[in-house]
Amino acid sequence: MKKLVALILTSLLYTHCSIDRNILPLNNIELERLETFKDFEPNNRVQISDENEVGQKLWLCLTFESKENNEPLINQKIQMYHTSSKGEYEPSNPNDESTARLNGEVFTNEKGQVFVQTILPGDYGSSADNRHIHTTVENAKPEAYDIHFKQFTGHMGKNFVSGSDQHFLADLRKTDDSTLVTFLTIAVKQPRVERTTTHQKTPNCEWCGAGEAPANISWETSIADESTEEERLILEGTIFEADGKSPAKNVIVYAYHTNAKGRYEKKGNETGNGVRHGYLRAWTKTNHLGKYRFHTIKPAPYPNNAEPAHVHMTLMREDFKEYWINATWFKGDKIITREMTEKLNRTGGFSNIIELSRNEENIWVGKRDIILNPPKEQ
């Protein structure tokens, strides 16, 4: 009889403390919202685990905002790391857990949002109550914030999370192929908020900038001055009218790109779309020969290697509205694939993949000629 009572009590205790792992499918509204996150710019997405990583696929749709005023954290650097599906960190530095094999970093967009692709972490150590993703918000006070999962966190863990403003509980949903998805807002204490990102209104289009050109621009200009200690690059070319022969004069060429670390670096005083594009941007206006030239540094691919190293370019003139052409890529970049080139649809009349060579001053020089072809809908 005593054994039966003990068994019943044990069963009741287990039922009370068991984890409800029921994961509902995404509804139509959530599916639409997911597509929005998946379409983010590469700088606002990060792939922590590759396709061959063992574990259940997990997509995190995250929004970061200030705990004090609920404003989104724009262009905020976010670093993340977690265990493998076996619960192992496998750090490159045994004394630093943050060097875990599964790690990545990403920057928030103008809505404070990022899209993270990875796998569901495993339980660390002997506990079955602590699956989570370490999340660092650079320059916040404090910087450390952890993401736990409702369906994989027991009652003790949930009580711990509910009593903390640095630990957040994510409710999981799933797609038709059983990929786990969560939409989560993380309220950050005392974040660093740049004045330009808080008060400067950015244009509705994320890619434009030709209309922000200063007065009296020349056919030749510098994006990065010579004091920058990086590999120098000269990007130049000729723009032709639609006939492909006549030089196109007075065309404003807007160009912007990442720094040598693959980031759209900012100084904090950016205005307009500089809030998105950073300070490595500039404008030229073609001369009577259709010539343009930018002096700058060689950009690097995004840290997640989602795209080759590139320079974004848009064109505008009095007789047509600003439009973008496919970014300038560099021949020999191993990130470029056939699939990528097949998707190109605005090459500017010539290939957007240019060859670089060194000049007598050991500076990289690349030539990109362009034929005007404004979209008809404009």
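Per-residue 3J(HN,Hα) values for the range 130-137, derived from phi via the Karplus relation 6.51 cos²θ - 1.76 cosθ + 1.60 with θ = phi - 60°, read 9, 5, 7, 10, 6, 10, 10, 9 Hz in sequence order (x marks Gly and Pro). Based on C-alpha pairs under 8 angstrom that are at least 6 apart in sequence, the chain has a relative contact order of 15 percent.
Using r as the Cβ-Cβ distance of D123 and N95, and R0 as 35 Å, what FRET efficiency do you calculate, to the nearest 0.05? Walk me through the numbers before you get to the answer.
Details: r = 22 Å, r/R0 = 0.64.
The formula returns an efficiency of 0.95 here.
Could you list the trypsin sites (Lys or Arg not before Pro) in the range 290-378 that lie in coil according to DSSP, counting only those with at most 10 other Cβ atoms within 10 Å of their Cβ?
On the way: sites: K291, R293, R317, K321, K331, K334, R338, K343, R346, R358, K367, R368, K376; in loops: K331, K334, K343, R346, R368, K376.
Those that pass, being in a loop and sparsely packed, are K334, K343, K376.
Across the range 245-327 the C-alpha pair distances fall into 10 Å bins from zero in the proportions 17, 44, 30, 9, 0 percent. Both radii are taken from the alpha-carbon atoms of the range 69-169; with Rh as the Kirkwood radius, Rg/Rh is 0.97.
Amide H to amide H distances under 5 Å link F330 with I354, where only residues 5 or more positions off or on other chains count and H is placed in the peptide plane. Centre-to-centre separation between the Cα atoms of the range 228-287 and those of the range 293-330: 7 Å.
For the range 199-239, what is the convex hull volume of the alpha-carbon atoms per residue, in Å³? Don't jump to the answer; show the numbers that get you there.
Numbers: hull volume 6.9 nm³, N = 41.
Spelled out: Cα convex hull of the range 199-239, divided by residues, is 167 Å³.
Taking every alpha carbon pair in the chain, what does the distance histogram look like in 20 angstrom bins from 0, in percent? Here the calculated profile for the chain is 24, 48, 22, 4, 1, 0. Using θ = phi - 60° in the Karplus curve 6.51 cos²θ - 1.76 cosθ + 1.60, the 3J(HN,Hα) couplings for the range 64-76 round to 10, 9, 6, 5, 6, 10, 6, 7, x, 8, 8, 6, 8 Hz; x is entered for Gly and Pro. Secondary-structure-derived ellipticity at 222 nm for the chain, considering helices only, amounts to -3500 deg cm²/dmol, per-run term -39500 (n - 2.57) for DSSP H runs with n ≥ 4.
Of the solvent-accessible surface of the range 63-152, computed with a 1.4 Å probe over protein heavy atoms with every protein chain present, carbon and sulfur atoms account for 42 percent.
For E339, the accessible surface of its heavy atoms amounts to roughly 120 Å² (probe 1.4 Å, protein chains only, rounded to the nearest 10).
The values are calculated or read from the model by the stated rules, or taken from the named source; none is laboratory data. Since we're looking at a predicted model, the values are computed, not measured. Every residue, glycine among them, receives a Cβ derived from its backbone with ideal geometry; neighbour counts consider all protein chains shown. Note: areas computed on protein heavy atoms with side chains; ligands, DNA, RNA excluded. Shrake-Rupley method; radii C 1.70, N 1.55, O 1.52, S 1.80 Å.
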